[in-house]
Amino acid sequence: MSRKKREEKVSPQVSASESRARAPRAPVAKYDRTFERIYRIVLRIPRGRVMTYGQIARLLEDRYSPRLVGWAMHATPQDGRNIPWHRVINSRGGISTGRVVIQEPELQRWMLEAEGVVFDGRGHCDLGLYQWSPAQNKSSAKRKAMIDPGARRRVATTASAKESKKTNSIKKVAGTSNRAGKIEKDS
């Protein structure tokens, strides 16, 4: 008996659907979780701002590639969250969906331009102007939280008090002030 026939007798053939049912779902679940992490980041990008695929991949901290972020953007679910997939662009500030979205290759650019993002003649936006970072947002929120609105008023009041002291001392040197606040010179 040949080796092939022996293997067929020992291991019965399993249909494709049965083998899929037995296959572990962990890798798919892992990517689902990763895609959801990507979507949570993308949902935070403000209108008129962009992030790059690589920037999001670095935020994931699991050594994922920018290409995975691109796959997640291509697989964006059509649910009630309205994930702004169009706010994720390539590292040159350009659109990378031209070959993917065949029906409307300029759709992403149009959507960004409607939000105020300006593209140059080569089809790139200025990342120095439009790129957004969650770290910047956190640091500005911390700065705002650290500054007490009452402290601002106290500083302003103190400054105005110092200014009025200077004005009063100048008035004393120059002469006296009448009720209207005008300085009268001593004769």
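Some notes on this structure:
- Unique residue being under 18 Å from the mean Cα position of the chain (by Cα), under 25 Å from residue 37 (Cα atoms) and at pLDDT 90 or above when the list is 137, 90: 90
- Set side by side, the residues 39, 53 differ, and just one is under 30 Å from residue 113 (Cβ atoms), in contact with a Pro (Cβ under 6 Å, 6 or more places away or on another chain), crowded, with 18+ Cβ neighbours inside 10 Å and at pLDDT 95 or above, which is 53.
- Residue 60 vs. criteria hydrophobic (A, V, I, L, M, F, W, C) and within 18 Å of residue 97 (Cα to Cα): no
- Residues in region 35-59 that are assigned to a loop (DSSP other than H, G, I, E, B) and not small (Gly, Ala, Ser): 44, 45, 46, 47, 49.
- Among the residues of region 65-119, those that are of a type in the set (Val, Ile, Thr) and part of a loop (DSSP other than H, G, I, E, B) comprise 76, 83, 95, 97, 100, 101, 102, 117, 118.
- Number of the condition not met by residue 10 [criteria: (1) modelled with pLDDT of 75 or more; (2) surrounded by fewer than 17 Cβ atoms within 10 Å (Cβ to Cβ)]: (1)
- In the condition set (1) in contact (Cβ under 8 Å) with a residue 60 or more places away in the chain; (2) in a loop (DSSP other than H, G, I, E, B), residue 62 is compliant with all but (1).
The values are calculated or read from the model by the stated rules, or taken from the named source; none is laboratory data. No experiment lies behind these values; they were computed from the predicted model shown. Here the Cβ is made from the backbone with ideal geometry for all residues, glycine too, and neighbour counts use every protein chain on show.
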